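Student: Provided herewith is a single structure, encoded as structure tokens, for subsequent inquiry.
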Amino acid sequence: ASFLLMCFRSPLVTPLIFGLLLQPPLTQLSIITQPNFVLLMADDLGIGDVGCYGNDTIRTPNIDRLAKEGVKLTQHIAAAPLCTPSRAAFLTGRYPLRSGMDAINNYRVIFWNAGSGGLPPNETTFAKILQQQGYSTGLIGKWHLGVNCESRNDHCHHPLNHGFDYFYGMPFTLISDCQPAETPEMDRAFRRKLWLSTQIIGLITLTAALGRLTGLISVGWKTLTCLAGFSLLFFVSWFSSYGFVRYWNCIMMRNHDVTEQPIVTDRTMSLILRESISFIERNKHKPFLLFLSFLHSHTPLLTTEKFLGRSRHGLYGDNVEEMDWMVGQVLDAIDKEGLKDTTLVYFASDHGGWLERQEDKRQLGGWNGIYRGGKAMGGWEGGIRVPGIFRWPGVLPAGTVIDEPTSLMDIYPTVVHLAGGVVPQDRIIDGRDLMPLLQGTVVHSEHEFLFHYCGIHLHAVRWHQKDRGAIWKAHYVTPIFSPPGAGACYDRGFCPCFGEGVSHHDPPLLFDLSRDASEDKPLSADSEPLFDTVVRKIGRAIEEHRRTLTPVPEQLSVYNVMWKPWLQPCCGTFPFCWCDKEGDN
């Protein structure tokens, strides 16, 4: 006893014992070192559509609550202005060009569930690393990164092959064809291109066949057979775009199984919400990653009856307000399970709002606030600047606003490091860990340069000159708005990346976003003393960046985006694909 008493009186032992008593239990430590992640991504939502980013007419109280309780990023940038490449960059932390997920042509996204392109199996998503760290990983909602490579059931591009334990949602994306009453979206430019391609290849095939028969052209039977095969594939793709799109693209899957073909749109949103909350409840006792990839606010703007007519902005506003309500339901589920303090919640959009999406004078696309341009425009801020909000009570300071360049690609290293994982060392990761910036231990973002692509074409570059507080942006290519001065490509439906629909600038159009965030007044050598210095600095950065690029297979090549009957996911006997497995539930 006297020995113990002597020990307690020791000046070293007493603080040690108090320190041990004040330590949190081991279970709490393990939860803190491996937080849960709930990543919420809207589809086609404009930065100007959210209350905490300046909208005072569309009600988004739950998204606004996230910003009030967490950190709001005002310069959060998508790596691409369209769904497929932007989401590929988000999941891999790499510019989509590095994985072959940016287009060399006008087919800039995946067009069919039965295409052979998609997120390559050799890419490592943050979900795959978290899975290896013991996380339960789930994706609910939109995928749009491919399904199959060589056969109907190989599922090489499927979410379950990219680190997700559970998937419920659309392997494709919402399009107007999914709603029988809506004007088919694939009636537009894609159909015209398919028909033109079909005619050209058919003409080449016919010319080659006649040349061989008459002896005027030396063409082998093997070449003729290949040409005839391509002609048939293009014709079938074009023909399938009439009437079959809803059955072949508008489907729902649970893991590897098709559950609805076609999708039953009346209940889609309630099922996605139910699945999201169920995933949280099932995995509350261990670390989990939930990627809730909303179908909102992409056309055809599926909205349940109780939200119709509630907003001041028609169907689009109704749809955004419903999504905000769903965000609130997910946050309530986190609170109910006692997970609020151990869960990092993130909200963003995959790119800017679609300005050209109008029907009968109804605006069906989003609003990008003060920023110029929109969806599909690789350079202008409106196409790539998106909401970015983080909440983690007790770890991230509430009510913080950060005006530093950040990227959707930054989620990759941030999540991986928090989960105790290591980013791949055998490839370039373009994202940067955001935790020091979010917690306020550093003032500036790690990004010095961000490169803004439209397909594989570099349209603009951003330079963060940290010592001056300037954010320079040089535009080398910009789309030609139609009609002139309209602010978007209304005559085309989408702005192109190259060709007659763009203008090239040498020297580039230069803006200082810290003084002119709307990109209204381009600078010149006469108006800006640093013009030549800035342009040279950005030029050298482009050269260095291009040296880091290596050739990879093009996932969005014409062949890969083409519809292939042997790759079509089918519930039933192809081509009679139909089922409703959710009806009994």
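The values are calculated or read from the model by the stated rules, or taken from the named source; none is laboratory data. Here the structure is a predicted model, which is why all the values come from computation and not from measurement. Glycine also receives a Cβ, built like all others from the backbone with ideal geometry; neighbour counts cover every protein chain displayed. These accessible areas exclude ligands, DNA and RNA; they are computed on the full protein's heavy atoms, side chains included. Shrake-Rupley method; radii C 1.70, N 1.55, O 1.52, S 1.80 Å.
Student: With a 10 Å radius around each residue's Cβ, average the other Cβ atoms per peptide and rank 54-62, 91-99, 126-134, highest first.
Tutor: Details: 54-62: 16.2, 91-99: 25.4, 126-134: 20.2.
Ranked by mean Cβ neighbours within 10 Å, highest first: 91-99, 126-134, 54-62.
Student: Please give the helix 13-22 orientation as an angle from the longest Cα principal axis of the chain, in degrees from 0 to 90, rounded to the nearest 10.
Tutor: Once rounded, the angle reads 40 degrees.
Student: For a 23 Å ceiling on Cα separation, which of these pairs sit above it: LYS222/LYS564; LYS193/LYS473; LYS72/LYS306; LYS286/LYS340; LYS473/LYS537; LYS375/LYS581? Numbers along the way, then the final one.
Tutor: On the way: LYS222/LYS564 21 Å; LYS193/LYS473 34 Å; LYS72/LYS306 30 Å; LYS286/LYS340 14 Å; LYS473/LYS537 11 Å; LYS375/LYS581 35 Å.
Distance filter (> 23 Å) returns LYS193/LYS473; LYS72/LYS306; LYS375/LYS581.
Student: What net charge do the residues around TYR247 carry, taking every other residue with its C-beta under 11 Å from that of TYR247, with Lys and Arg at +1 and Asp and Glu at -1?
Tutor: With Lys, Arg at +1 and Asp, Glu at -1, the neighbours total -1.
Student: Here is a follow-up. Rounded to a whole number, what % of the accessible area of the chain do carbon and sulfur atoms account for, probe 1.4 Å?
Tutor: Working: 14080 of 24170 Å².
C and S atoms contribute 58 percent here.
Student: ARG274 to GLN439: extension gain in nm, 0.36 nm per residue of separation minus the Cα-Cα distance? Working shown, then result.
Tutor: Numbers: separation 165, 0.36 × 165 = 59.40 nm, distance 3.28 nm.
Full-extension gain reported as 56.1 nm.
Student: Go through 313-319, 490-496 and give me the packing order, highest mean Cβ count within 10 Å leading.
Tutor: Numbers: 313-319: 22.4, 490-496: 18.4.
Going by the mean number of other Cβ atoms within 10 Å, highest first, we get 313-319, 490-496.
Student: Among 529-537, 75-83, 115-123, 270-278, how do they line up from the highest to the lowest mean number of other beta-carbon atoms within 10 Å? Mind showing how you got there, number by number?
Tutor: Working: 529-537: 14.8, 75-83: 26.4, 115-123: 22.2, 270-278: 19.0.
Ranked by mean Cβ neighbours within 10 Å, highest first: 75-83, 115-123, 270-278, 529-537.
Student: At 7 Å along Cα-to-Cβ for each site, give me the label-to-label distance between THR548 and LYS68 in nm.
Tutor: 4.0 nm
Student: Can you give the relative contact order of the chain as a percent, counting alpha carbon pairs under 8 Å and 6+ residues apart? Provide the component values of the computation, followed by the final result.
Tutor: Values: 1252 pairs, mean separation 149.9, N = 585.
That works out to 26 percent.
Student: If you don't mind, there's one more thing I want to ask. Given a Förster distance of 22 Å, report the FRET efficiency between ASP506 and ILE104 from their Cβ-Cβ distance, rounded to the nearest 0.05.
Tutor: Details: r = 22 Å, r/R0 = 1.02.
Given R0 = 22 Å and the Cβ-Cβ separation, E is 0.45.
Student: For the chain, what is the mean residue ellipticity at 222 nm derived from helices alone (per DSSP H run of n ≥ 4: -39500 (n - 2.57); sum divided by total residues; nearest 500 deg cm²/dmol)? All intermediate terms of the calculation are to be shown ahead of the outcome.
Tutor: Working: 16 runs with 179 residues, N = 585.
Dividing the helical sum by the residues of the chain leaves -9500 deg cm²/dmol.
Student: How many Å² of accessible area per residue for the stretch 262-404, probe 1.4 Å? Mind showing how you got there, number by number?
Tutor: Values: 4820 Å² over 143 residues.
Normalised by residue count, the accessible surface of the stretch 262-404 is 34 Å².
Student: With a point put 7 Å past each Cα toward its Cβ, work out how far THR214 is from LEU530 in nm, to one decimal.
Tutor: 6.7 nm
Student: So for the pair SER518, LYS193, with labels modelled 7 Å out along Cα→Cβ, what separation do we get in nm?
Tutor: Here the answer is 3.3 nm between the modelled labels.
Student: Just read off the accessible area of PHE234 with the full protein assembly in place, 1.4 Å probe, to the nearest 10 Å².
Tutor: Approximately 10 Å² of PHE234 is accessible to the 1.4 Å probe.
Student: Report the extension gain between GLN425 and LYS306 in nm, rounded to one decimal, defined as 0.36 nm multiplied by the number of residues separating them, less their alpha carbon distance. Don't skip to the end; give the middle numbers.
Tutor: Numbers: separation 119, 0.36 × 119 = 42.84 nm, distance 4.95 nm.
Between GLN425 and LYS306, full extension yields an extra 37.9 nm.
Student: With +1 on the Cβ of every Lys and Arg and -1 on the Cβ of every Asp and Glu, and nothing else charged, how large is the dipole of the chain about its Cα centre, in debye rounded to the nearest 20? Display every interim value, and only then the final one.
Tutor: Numbers: 53 positive and 59 negative charges, 156 e Å.
Rounded to the nearest 20 debye, it is 760 debye.
Student: How much length is gained if the chain between ASP491 and ASP56 is pulled fully straight, taking 0.36 nm per residue apart and subtracting their Cα-Cα distance, in nm to one decimal? Don't skip to the answer; put the middle values down first.
Tutor: Values: separation 435, 0.36 × 435 = 156.60 nm, distance 3.01 nm.
Between ASP491 and ASP56, full extension yields an extra 153.6 nm.
Student: While we're on this one: ³J(HN,Hα) across the stretch 474-488 via Karplus (A = 6.51, B = -1.76, C = 1.60, θ = phi - 60°), whole Hz, x for Gly/Pro?
Tutor: For the stretch 474-488, the Karplus curve yields 10, 9, 9, 9, 9, x, 8, 5, 9, x, x, x, 7, x, 6 Hz.
Student: Ok, one more. Remind me, relative contact order of the stretch 40-182 in percent, using alpha carbon pairs under 8 angstrom and six or more residues apart? It would help to have the intermediate numbers written out before the result.
Tutor: Working: 193 pairs, mean separation 23.8, N = 143.
Normalised by residue count, the contact order of the stretch 40-182 is 17 percent.
Student: Got a sec? Which residues in the stretch 66-93 would a label at GLN329 touch, if it sits 7 Å along Cα→Cβ and we count backbone N under 20 Å?
Tutor: Only 66 fall inside the zone, counting backbone N under 20 Å.
Student: Could you tell me which residue out of THR299, ILE280, MET253 lies farthest along the dipole of the stretch 204-329 toward its positive end? Charges go on the beta carbon: Lys and Arg +1, Asp and Glu -1, centred on the Cα centre.
Tutor: Of the candidates, MET253 comes out farthest on the positive side.
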